[in-house]
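S.K.: My questions all concern the structure below.
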Amino acid sequence: MPSFLAGRDIISIKDLKREEIDEILRLTDAFEPLADKGSDMLDGRIMAALFFEPSTRTKLSFESAMYKLGGSVIGFAGPMGTSVEKGENLADTVRVVENYADVLVVRHPLEGAARLAAEFASVPVINAGSGAEEHPTQALLDLYTIRRELGRIDGLKVALVGDLRYGRTVHSLAYALSLYDIKLYLVSPEILRMRKEVLAGIRGRVDVVETDDLAGILPELDVLYVTRIQKERFADPAEYEEVKGSYRLTSAMLSRLKPTGIVMHPLPRVDEVDYDVDRIPQAKYFKQVRYGLMVRMFLLASVLGAI
Ligand code: NCD
């Protein structure tokens, strides 16, 4: 029986039901050995990476995932050197590239761009970041990390810290976490509070506390998820100046974190997590990268109908 994801787009985490997310997390385990030794599961299949916005890990992670499964990759990073520079619109780009590839992975600065691409494409589209809106595959790898490191998601106390207004990873992750029985702390300066539409989507489903006091809640936390202030998305540079450096995690502060608590970050980090935190056993952000590769291997194999 083909995977429930065969032929499907992955545009918003909200398109997935809890049982489906649990299934993704469970089935990803099987890709751990394949991340080391490789496989020919996607031999002859082609992934197009259409990245209209900068990316290091997401693009490389998808590319590596495809290669490790025996597939091939085409694509671009930044519209420079492509027909987009000549004024080609996204719908046309998609209708051209779908002739060359079996799956499209799209990152675009505009919200709604991945959804639009999926409407025009006849092959599956995976959203690798749509403006400040969503980053569903990051949310899946974040959940996978929590489940792997702590053995469960239900019953935990999770804090999302930093730029909750412009950070797309925390939007997708908040929606996903609201499917579980957790307590969610949203920690940010006033002007970077969680978007109203996300709050409206999760309130009532999960116990939410908004605060700017990280130190006060730190000892309670099972998961501390830190994010970068998204400088490039601020309309007003003065506003960025006001909030930059709002939270800066040090290993001294983290001595108050439970021994079983974990520190996560989608990366890239700028100055919100000190380098000395890397040495504490609770720091899991580089493990997240590894788990992300496995999750994306699973997703590509699934949407392409190989499992
Ligand atoms: C994030 C992104 O692009 O939204 N990076 C990532 O995909 N891991 C986070 C960020 O840029 O701060």
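S.K.: Can you tell me which of 200, 176, 139 is touching a Ser or Thr at 6+ places or on another chain (Cβ under 8 Å), farther than 22 Å from residue 258 by Cβ and of a type outside the set (Ser, Thr, Tyr)?
M.R.: 139
S.K.: Please pick out the residue among 94, 106, 125, 161 that is in the same structural domain as residue 57 (by TED's automatic domain parsing), touching a helix residue (DSSP H, G or I) at 6+ places or on another chain (Cβ under 7 Å) and within 27 Å of residue 270 (Cα to Cα).
M.R.: Result of the check over 94, 106, 125, 161: 106.
S.K.: In segment 29-59, how many residues are within 16 Å of the ligand (Cβ to nearest atom), part of a helix (DSSP H, G or I) and in contact with a helix residue (DSSP H, G or I) (Cβ under 9 Å, 6 or more places away or on another chain)?
M.R.: Adding up the residues that qualify gives 2.
S.K.: Another question, if that's okay. Somewhere in segment 129-149, is a residue away from the ligand (no atom under 13 Å from the Cβ), more than 21 Å from residue 299 (Cβ to Cβ) and not aromatic (Phe, Trp, Tyr)?
M.R.: Checking segment 129-149: not a single residue is away from the ligand (no atom under 13 Å from the Cβ), more than 21 Å from residue 299 (Cβ to Cβ) and not aromatic (Phe, Trp, Tyr).
S.K.: Further question: What number goes with the only condition from (1) among the aliphatic types (A, V, I, L, M); (2) exposed (fewer than 13 other Cβ atoms within 10 Å of the Cβ); (3) in a helix (DSSP H, G or I); (4) touching a helix residue (DSSP H, G or I) at 6+ places or on another chain (Cβ under 9 Å) that residue 270 does not pass?
M.R.: (3)
S.K.: Right, next: Quick check, is residue 276 modelled with pLDDT of 95 or more and either loosely packed, with under 13 Cβ neighbours inside 10 Å or closer than 29 Å to residue 10 by Cα (or both)?
M.R.: For residue 276, the condition - modelled with pLDDT of 95 or more and either loosely packed, with under 13 Cβ neighbours inside 10 Å or closer than 29 Å to residue 10 by Cα (or both) - is not met.
S.K.: So residue 257 passes all but one of these: (1) over 22 Å from residue 190 (Cα atoms); (2) more than 16 Å from the ligand (Cβ to nearest atom); (3) in contact (Cβ under 8 Å) with a residue 60 or more places away in the chain; (4) surrounded by 17 or more Cβ atoms within 10 Å (Cβ to Cβ). Which condition number does it fail?
M.R.: (3)
S.K.: Just checking, does segment 102-114 include any residue being closer than 24 Å to residue 307 by Cβ, buried (at least 18 other Cβ atoms within 10 Å of the Cβ), among the β-branched types (Val, Ile, Thr) and without any contact (Cβ under 8 Å) to a residue 60 or more places away in the chain?
M.R.: Checking segment 102-114: at least one residue is closer than 24 Å to residue 307 by Cβ, buried (at least 18 other Cβ atoms within 10 Å of the Cβ), among the β-branched types (Val, Ile, Thr) and without any contact (Cβ under 8 Å) to a residue 60 or more places away in the chain.
S.K.: Considering 38, 70, 7, which residue is closer than 28 Å to residue 149 by Cα and surrounded by fewer than 18 Cβ atoms within 10 Å (Cβ to Cβ)?
M.R.: Just a single option satisfies the conditions, and that option is 38.
S.K.: Ok, one more. Starting from segment 31-47, keep only residues that are closer than 13 Å to residue 293 by Cα, then list their pairs with residues that are outside any helix (DSSP H, G or I) whose Cβ atoms are within a distance under 8 Å, requiring at least 6 positions of separation or different chains.
M.R.: Short answer, once both residue conditions are applied: 34/41; 34/69; 38/69; 38/70.
S.K.: Looking at this structure, is residue 210 touching a Leu at 6+ places or on another chain (Cβ under 7 Å) and surrounded by fewer than 15 Cβ atoms within 10 Å (Cβ to Cβ)?
M.R.: Judged against the criteria, residue 210 is a match.
S.K.: Specify the residue that is nearest to residue 268 (Cα to Cα); the eligible residues are those in segment 169-192 that are polar (S, T, N, Q) and not in a helix (DSSP H, G or I).
M.R.: 188
The values are calculated or read from the model by the stated rules, or taken from the named source; none is laboratory data. Keep in mind that what you see is a predicted model, and the values were worked out from it rather than measured. Reconstructed Cβ throughout: ideal geometry from the backbone, glycine too, with neighbour counts over all protein chains shown.
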